[in-house]
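Encoded as structure tokens, the structure appears first; notes follow it.
The values are calculated or read from the model by the stated rules, or taken from the named source; none is laboratory data. Treat the numbers as computed from the prediction; the structure is a model and nothing was measured. With ideal geometry, Cβ positions are generated from the backbone for all residues, glycine too; neighbour counts draw on all protein chains shown.
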């Protein structure tokens, strides 16, 4: 898999993020804070990309990512291509539930790996399924790219790019909103 330079953004805070609900492939709108985060990401991208014209942009089709892309890319002159492979993990029966509700309804789900736990939801997407679609996306890239996606998607995307084993991916963190992860020369930097 070639390692093209990446600028990875998680969408801004949503109403469900604020309420602690697992969105998965459901959606809720950005909060005012989420809109501010997306604008901040745009400023970071402006500093990192400047006048470069060799950079493409891709976005998940989910509304919260599309809203973030509109705000973050509006002054940069990039028009993102929508890519289904950038959707968040499908949380199956956990979609829309809080962590407390999940713990109450599914007490036997192991919680020893904070990243791989996300792939244990009944009726949800497996790690292998999501890995396949994200790897396919990375394999299809042909140059430097801005990628606007989601928390779990960001971890998996960055982990694959960095060559991490699944058990190491939780260390990357994906919960940060309003930041830009820059991946180049085999390394990752976080800008906020």
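Structural remarks
- So residue 69, is it part of a helix (DSSP H, G or I), within 13 Å of the chain's Cα centre (by Cα), in contact (Cβ under 8 Å) with a residue 60 or more places away in the chain and farther than 27 Å from residue 101 by Cβ: yes
- In the set (1) closer than 22 Å to residue 19 by Cα; (2) surrounded by 15 or more Cβ atoms within 10 Å (Cβ to Cβ); (3) in contact with a helix residue (DSSP H, G or I) (Cβ under 9 Å, 6 or more places away or on another chain), the condition left unmet by residue 106 is number (2).
- Among the residues of region 151-166, those identified as under 16 Å from residue 185 (Cα atoms), free of Cβ contacts under 8 Å to residues at least 40 places away in the same chain and in contact with a helix residue (DSSP H, G or I) (Cβ under 9 Å, 6 or more places away or on another chain) are 159, 162, 164.
- Residues that are within 15 Å of the chain's Cα centre (by Cα), at negative phi, assigned to a helix (DSSP H, G or I) and crowded, with 19+ Cβ neighbours inside 10 Å do not occur anywhere in region 42-57.
- Residue 84 passes every criterion in (1) touching a residue at least 12 places away in the same chain (Cβ under 8 Å); (2) surrounded by 13 or more Cβ atoms within 10 Å (Cβ to Cβ); (3) under 20 Å from residue 27 (Cβ atoms) apart from (2).
- Summed over region 113-150, residues that are touching a helix residue (DSSP H, G or I) at 6+ places or on another chain (Cβ under 8 Å), buried (at least 16 other Cβ atoms within 10 Å of the Cβ) and assigned to a loop (DSSP other than H, G, I, E, B) total 5.
- Scanning region 87-103 for residues that are surrounded by 13 or more Cβ atoms within 10 Å (Cβ to Cβ) and more than 30 Å from residue 53 (Cα to Cα) returns 89, 90, 91, 92, 93, 94, 95, 96, 97, 98, 101, 102.
- The residues of region 19-39 that are part of a helix (DSSP H, G or I) and either buried (at least 19 other Cβ atoms within 10 Å of the Cβ) or over 17 Å from the mean Cα position of the chain (by Cα) (or both), listed by number, are 19, 32, 33, 34, 36, 37, 38.
- First in region 31-49 and over 14 Å from residue 74 (Cα atoms), second anywhere and surrounded by fewer than 17 Cβ atoms within 10 Å (Cβ to Cβ), Cβ under 7 Å, 6 or more apart: 31/15; 31/18; 48/191
- Close pairs (7 angstrom Cβ cut-off, 6 or more residues apart or separate chains): at pLDDT 90 or above in region 99-113, surrounded by 10 or more Cβ atoms within 10 Å (Cβ to Cβ) anywhere: 99/20; 102/94
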